[in-house]
Amino acid sequence: IGYWSPGPGDFVGTSWSIINSTGSLAKDNLITILNKAKQSIGTNPGFYPQSAVDAAQTVLDDANSGDSEYTTAASTLINAMVLPTSGKYYTITSAYDQYEIRQGVTKSIYADSDGKVKWKTTDLTDDAMFWEIYEDNGNYVFKNYGTKTYISTYSDSYKMGETAANSSFTWFEGGICNINIVNGNLHTAGHNSGSGQSGNVIRYGSGATGASAWYIKEVKNPELQKSITR
């Protein structure tokens, strides 16, 4: 363990939980995971199904449970977290609360006609704001519904292309994530502490509270959604 001096919202690796030990590391681990999952119950990626949380709680409450049961329950709960899936479509919506506080709107990522990855006020009539996100050989792919191209490269900002870049997620409580693509996390350039209107998506630092924090929200039927919101 070394030391680090994180900036605002950049607490990965420097955050700690102080817990009362039960005398069983397996049980303590289940309690920690279960408490986190309870803050993230839902159906969108990064959340946990209520049924999975209830099942883990049942194991924890069972006086006959031992380390083997606790370990299995913890692993099962971790694996139950909802993840983006091929064939489904999503919006990538900023979890940076200052947009809603200052402007009363949410901001989401889209692909523009010049092949750039951009952000603006969430507009569900724009099919370039919908994304298919899925795992491919251990990496995640981001394919745009409107342009049929992928988040592919980085040169001063993220660009779309015919080949998908390798990508990964870091998940936080409440379904918030960082999205790492081409050695950086997606970040709203020009956010101006929540006063910015639109701009490029660049790569920047991590964290669950700043402009590199996102929600992945499923859109059941993009064409229907467009017609409803038009």
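The values are calculated or read from the model by the stated rules, or taken from the named source; none is laboratory data. The structure presented is a predicted model; accordingly, all values stated were derived computationally and were not measured. Note: ideal-geometry Cβ built from the backbone for every residue, glycine included; neighbour counts use all protein chains shown. The accessibility values were calculated without ligands, DNA or RNA, using every heavy atom of the protein model including side chains. Shrake-Rupley method; radii C 1.70, N 1.55, O 1.52, S 1.80 Å.
Suppose the filter is over 15 Å from Ala211 (Cα atoms), among the β-branched types (Val, Ile, Thr), open to solvent by 30 Å² or more (accessible area, probe 1.4 Å) and not in a strand (DSSP E or B); does Val82 pass it?
Yes; evaluated as a whole, the condition is true for this residue.
Taking the range 129-165, which residues are under 25 Å from Thr43 (Cα atoms), surrounded by fewer than 19 Cβ atoms within 10 Å (Cβ to Cβ) and out of contact with any helix residue (DSSP H, G or I) (no Cβ under 8 Å at 6 or more places or on another chain)?
Tyr134, Glu135, Asp136, Asn137, Gly138, Asn139, listed by residue number.
Report yes if some residue within the range 183-193 is open to solvent by 50 Å² or more (accessible area, probe 1.4 Å) and within 30 Å of Ile33 (Cβ to Cβ); otherwise report no.
Scanning the range 183-193 turns up at least one residue that is open to solvent by 50 Å² or more (accessible area, probe 1.4 Å) and within 30 Å of Ile33 (Cβ to Cβ).
For the range 132-165, how many residues meet the condition of being among the charged types (D, E, K, R), assigned to a loop (DSSP other than H, G, I, E, B) and in contact with a Phe, Trp or Tyr (Cβ under 9 Å, 6 or more places away or on another chain)?
Looking only at that region, the number is 1.
Output yes when any residue across the range 209-221 is open to solvent by 60 Å² or more (accessible area, probe 1.4 Å), hydroxyl-bearing (Ser, Thr, Tyr) and over 20 Å from the mean Cα position of the chain (by Cα), and no when none is.
No, the range 209-221 contains no residue that is open to solvent by 60 Å² or more (accessible area, probe 1.4 Å), hydroxyl-bearing (Ser, Thr, Tyr) and over 20 Å from the mean Cα position of the chain (by Cα).
List the number of the failed condition for Ala74; all other conditions in (1) out of contact with any strand residue (DSSP E or B) (no Cβ under 9 Å at 6 or more places or on another chain); (2) more than 27 Å from Asp156 (Cα to Cα); (3) open to solvent by 30 Å² or more (accessible area, probe 1.4 Å); (4) modelled with pLDDT of 95 or more hold.
Against the list (1) out of contact with any strand residue (DSSP E or B) (no Cβ under 9 Å at 6 or more places or on another chain); (2) more than 27 Å from Asp156 (Cα to Cα); (3) open to solvent by 30 Å² or more (accessible area, probe 1.4 Å); (4) modelled with pLDDT of 95 or more, Ala74 comes up short only on (3).
Do we find that Ser15 is assigned to a loop (DSSP other than H, G, I, E, B) and either more than 30 Å from Ser152 (Cβ to Cβ) or open to solvent by 70 Å² or more (accessible area, probe 1.4 Å) (or both) in this structure?
yes
Considering only residues that are among the hydrophobic types (A, V, I, L, M, F, W, C) and in a loop (DSSP other than H, G, I, E, B), look in the range 88-131 and name the one that is nearest to the chain's Cα centre (by Cα).
Ala95
Within the range 169-210, work out how many residues are aliphatic (A, V, I, L, M) and in a loop (DSSP other than H, G, I, E, B).
To start, the set of residues in the range 169-210 that are aliphatic (A, V, I, L, M) comprises 176, 179, 181-182, 186, 189, 201-202, 208.
Applying the additional criterion that residues be in a loop (DSSP other than H, G, I, E, B) yields 182, 189, 208.
So the count comes out to 3.
Is the range 109-118 home to any residue that is open to solvent by 50 Å² or more (accessible area, probe 1.4 Å), under 25 Å from Tyr48 (Cα atoms), in contact with a strand residue (DSSP E or B) (Cβ under 8 Å, 6 or more places away or on another chain) and not aromatic (Phe, Trp, Tyr)?
First, pick out the residues of the range 109-118 that are open to solvent by 50 Å² or more (accessible area, probe 1.4 Å): 113-114, 116.
Narrowing further to those that are under 25 Å from Tyr48 (Cα atoms): none.
No; the residues of the range 109-118 include none that is open to solvent by 50 Å² or more (accessible area, probe 1.4 Å), under 25 Å from Tyr48 (Cα atoms), in contact with a strand residue (DSSP E or B) (Cβ under 8 Å, 6 or more places away or on another chain) and not aromatic (Phe, Trp, Tyr).
Looking at the range 55-64 only, could you name the residues that are open to solvent by 20 Å² or more (accessible area, probe 1.4 Å) and either in contact with a strand residue (DSSP E or B) (Cβ under 7 Å, 6 or more places away or on another chain) or in contact (Cβ under 8 Å) with a residue 12 or more places away in the chain (or both)?
Passing the criteria: Ala55, Gln57, Val59, Leu60.
Considering only the range 75-90, I want to know if a residue exists there that is farther than 30 Å from Leu186 by Cα and without any contact (Cβ under 8 Å) to a residue 24 or more places away in the chain.
Within the range 75-90, not a single residue is farther than 30 Å from Leu186 by Cα and without any contact (Cβ under 8 Å) to a residue 24 or more places away in the chain.
Name every residue in the range 123-138 that is in contact with a strand residue (DSSP E or B) (Cβ under 8 Å, 6 or more places away or on another chain) and closer than 21 Å to Ser167 by Cβ, in order of residue number.
Residues satisfying the conditions are Ala128, Met129, Phe130, Trp131, Glu132, Ile133, Tyr134, Glu135.
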